[in-house]
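Please treat every number below as a calculation from the coordinates, not as lab data. Fair warning: this is a prediction, and the values are worked out from it, not measured in the lab. Every residue, glycine as well, gets a Cβ built from its backbone with ideal geometry; the counts of neighbours run over all protein chains shown.
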Amino acid sequence: MSEIPLELYKAIDRASEKFDPVLKDTLNPFFGKMYSSLSSICKAVEPALKEEGISLKYFLSNDVIFLRLVHIPSGEHEDHTAPLFGENAQQYGASTTYQRRYLLQVALNLAAVDDDGESTMGRGTTPDTKTAAPAAKVNRKTF
């Protein structure tokens, strides 16, 4: 396998052409903003990923969550990681779901408005929350 997983990137690029819009389907009660849930993101991308032979696997180890994208036909893979936080099981579980959502968005280069973080960053409000944000096209054609 090469250092750069070219076959995986090509498959992600093909899959991204078929991603459904990522819908903002969940209300953040603290900020009153809608955001795309993990379920909404998975529903938008998983069929196209499976069609291209890409499997998503999550692993937990020592307060870190790992997302592994595997291109089954070539065996190539790419890993993404994020820390987990929490003082109790509920907080830890919420952190796991939150990080799974953001790892998937990063790994697939999905355009998403960070509605549940905008207010904390002092950037004010975000666009109308009932609209669908189309999934961004992955640009890895330079490889």
Extension gain (nm, one decimal) between E51 and R14, 0.36 nm per residue minus Cα-Cα: 12.4 nm
Calculated FRET value between Q91 and Y58, using beta carbons and R₀ = 30 Å, to 0.05: 0.95
Overall form of the stretch 5-116 per C-alpha gyration tensor (a/c, 1.5; a/b vs b/c): oblate
For the stretch 9-64: rounded, prolate or oblate by the Cα gyration tensor [a/c cutoff 1.5]: oblate
The stretch 67-84 versus the stretch 1-66: alpha-carbon centroid distance in Å: 11
